[in-house]
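This report refers to the structure that appears directly beneath it.
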Amino acid sequence: MVLRNVLRSFLVILGGLWVVLPVFAEKPSVAKPATPPVVPTSIAVFGLGGAVSEGPGGGDLSSLLSGAAPESLRSLVSRMDRAGRDKQIAAVALLYNGPLIGSAQLEELVSAVDRLRGTGKPVYLLAESMGTGGYVLASHCSHLSVVPGGEVALVGLATEAPYIRGLLDWLGVEPDFLACGDFKSAGEMYMREGPSRNAAAMGDRLLDSQYRTYVDLIASGRDVEPKQVHRWIDRGPYTARRARAAGLIDAVEHRREFYDRMRRAHGKTSRLLTRYGLPPQQQVDLSSPLGLIQFYSQLMQGPRQVVNRGDTIAMVYLEGTIVGGSMPISPTGGAAASSETLRKTLAVVERDKAIKAVVLRIDSPGGSALASEVILDAIRKVQANKPVIVSMGNVAASGGYYVASYADEIL
């Protein structure tokens, strides 16, 4: 009897499992709610005006006090690339206000605009006026506007240089310079009243090459034949309305109309992000002595020390006239690439085991032959264990090219 009751209870439990288990096994899964797609709601606005430096930092004391130190090219291009990846950004606007940029920097910005448009986002540009170089950049934008009364000075390229031999003769000063090579023309401004035949030929060749590059870039940007670009240049300069009639630009409008155009295309509630990707702007309290003390304290601290915790590619900047010692400013004015400062920097790069390669960005017309030799020696010591890639900026002439000559690759 007891055995029968136990067996009966076992069969009941087993039957219960037979009923319950299929229920659990066949229970339908509950679908997760779909994530709503991100709707772009903002327009990134980039102001292009003033100097664009190669390396980080820079600017005089007045720019530091105002918190408007020049932005580096790398920072500007990185922010533009970030806007292309940002799903919250519907479009990009460029406010062109005569930036002080060289031809290499200009082409870097053209490439950045092309990458933006490659993501499917339109790029709008508004200018008050622009020259040939500015139009090269503008031609690659999706929509190009110029304010009424503005000008498009698409007139080709030209250079000019001072020659002061006549002034020196009048003052009774006799210049004395040594030059190695027929095309070494740096001292001609003191020795001659005009360019030598070799210097003139060299200048013409450089301008012809740059002119062809600009024509090709404008043709690809506006989707026209190079012959049409030549006709535009031959008939320049243009008022804003004449440029619109000739097909150089797309609209003649003020900034408010320019913004309204973008909002009509991307939503009336679209936000205009005028400091997209920039850190908070530092404000200096000039009304308080404590504010000035705090500012100078931060200034004297210098750049923050960075500890490399993984494989790293070092960026080293050689910008300005090459000089000996460690002075930050060239005797002739402007930035200086001092041999001692660069030697120490490259020595740190050489010892840092986390650094696996070096990119040397050069923007220099040359300078001291001895200082160039010191810098090259430091580069070759790094190169003994790590590849060195040279990226050339606006100019890499004389000593500026000499220090690059042993690089593993020059771009």
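The values are calculated or read from the model by the stated rules, or taken from the named source; none is laboratory data. The model shown is predicted, which means the values in this text are computed figures rather than measured ones. Note that we place each Cβ from the backbone using ideal geometry, even for glycine, and neighbour counts take in every protein chain shown.
Worth pointing out:
Yes/no matrix, rows are residues, columns are (1) more than 24 Å from Gly366 (Cα to Cα); (2) among the charged types (D, E, K, R):
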site: Leu100; (1), (2): no, no
site: Gly118; (1), (2): yes, no
site: Val136; (1), (2): yes, no
site: Ser145; (1), (2): yes, no
site: Asp169; (1), (2): yes, yes
site: Val173; (1), (2): yes, no
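- Enumerated helices (runs of 4 or more DSSP H) restricted to segment 314-411, each holding at least 2 residues that are aromatic (Phe, Trp, Tyr), surrounded by fewer than 18 Cβ atoms within 10 Å (Cβ to Cβ) and in contact with a helix residue (DSSP H, G or I) (Cβ under 7 Å, 6 or more places away or on another chain): none
Okay, residues lined up against (1) farther than 30 Å from Ala245 by Cα; (2) of a type outside the set (A, V, I, L, M, F, W, C):
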{"position": "Thr132", "(1), (2)": "no, yes"}
{"position": "Tyr135", "(1), (2)": "no, yes"}
{"position": "Ala186", "(1), (2)": "yes, no"}
{"position": "Gly194", "(1), (2)": "yes, yes"}
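- Residue in segment 146-168 that is assigned by TED's automatic domain parsing to the domain that holds Val113, at pLDDT 95 or above, touching a strand residue (DSSP E or B) at 6+ places or on another chain (Cβ under 8 Å) and in a helix (DSSP H, G or I) present: no
To keep it simple, each residue is scored yes or no on (1) touching a helix residue (DSSP H, G or I) at 6+ places or on another chain (Cβ under 6 Å); (2) in contact (Cβ under 8 Å) with a residue 60 or more places away in the chain.
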| position | (1), (2) |
| --- | --- |
| Ser139 | yes, yes |
| Leu144 | yes, yes |
| Ser185 | yes, no |
| Tyr190 | no, no |
| Thr239 | no, yes |
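- Restricted to segment 39-133, the set of helices (runs of 4 or more DSSP H) holding at least 1 residues that are of a type in the set (A, V, I, L, M) and at pLDDT 95 or above comprises 73-85, 103-118.
- With respect to the conditions (1) at pLDDT 95 or above; (2) surrounded by fewer than 16 Cβ atoms within 10 Å (Cβ to Cβ), Glu174 falls short on a single one, namely (1).
- Those helices (runs of 4 or more DSSP H) of segment 180-246 in which 2 or more residues are within 31 Å of the chain's Cα centre (by Cα) and among the β-branched types (Val, Ile, Thr) occupy 197-222, 226-234.
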